[in-house]
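I have placed the structure first, in the form of structure tokens, so that the comments after it can refer back to it.
The values are calculated or read from the model by the stated rules, or taken from the named source; none is laboratory data. Fair warning: this is a prediction, and the values are worked out from it, not measured in the lab. Reconstructed Cβ throughout: ideal geometry from the backbone, glycine too, with neighbour counts over all protein chains shown. Surface accessibility is based on the protein's heavy atoms, side chains included, excluding ligands, DNA and RNA. Shrake-Rupley method; radii C 1.70, N 1.55, O 1.52, S 1.80 Å.
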Amino acid sequence: QGLRQISQRTISTASRRQLENRVPEKQKLFQEDNGIPVHLKGGVMDSLLYKVTMGLSVFGTAYVVYELLVASMPKKQK
């Protein structure tokens with residue numbers, strides 16, 4: 001019986017805390033035709049995440065090309 005009271009209490013307190021539905025305003029933001037790509041419409045954090053991802057991609061590609069060039073050169077024998 002004690003377990004039932006705890007579970008009922010948790011459910012009843014969770015139903016009291018109603019979160020505001022912000023889906024319509026997010027839909028309006030992302031569906032707006034303002035020329036901004038959808039992956040950048042979220043604001044500053046989206047822009048920062050995009051720039052970090054692109055920087056890591058460019059750095060990684062350059063590093064792979066460098067390592068391929070190093071691996072393709074014959075080693076000098078002493």
Taking the range 34-78 and keeping residues open to solvent by less than 70 Å² (accessible area, probe 1.4 Å) and basic (Lys, Arg) leaves LYS41
Selection from the range 25-78 of residues of a type outside the set (Val, Ile, Thr) and touching a Phe, Trp or Tyr at 6+ places or on another chain (Cβ under 8 Å) yields HIS39, LEU40, LYS41
ARG17 passes all but one of the listed conditions (1) within 31 Å of the chain's Cα centre (by Cα); (2) modelled with pLDDT of 90 or more; (3) open to solvent by 70 Å² or more (accessible area, probe 1.4 Å); the exception is number (2)
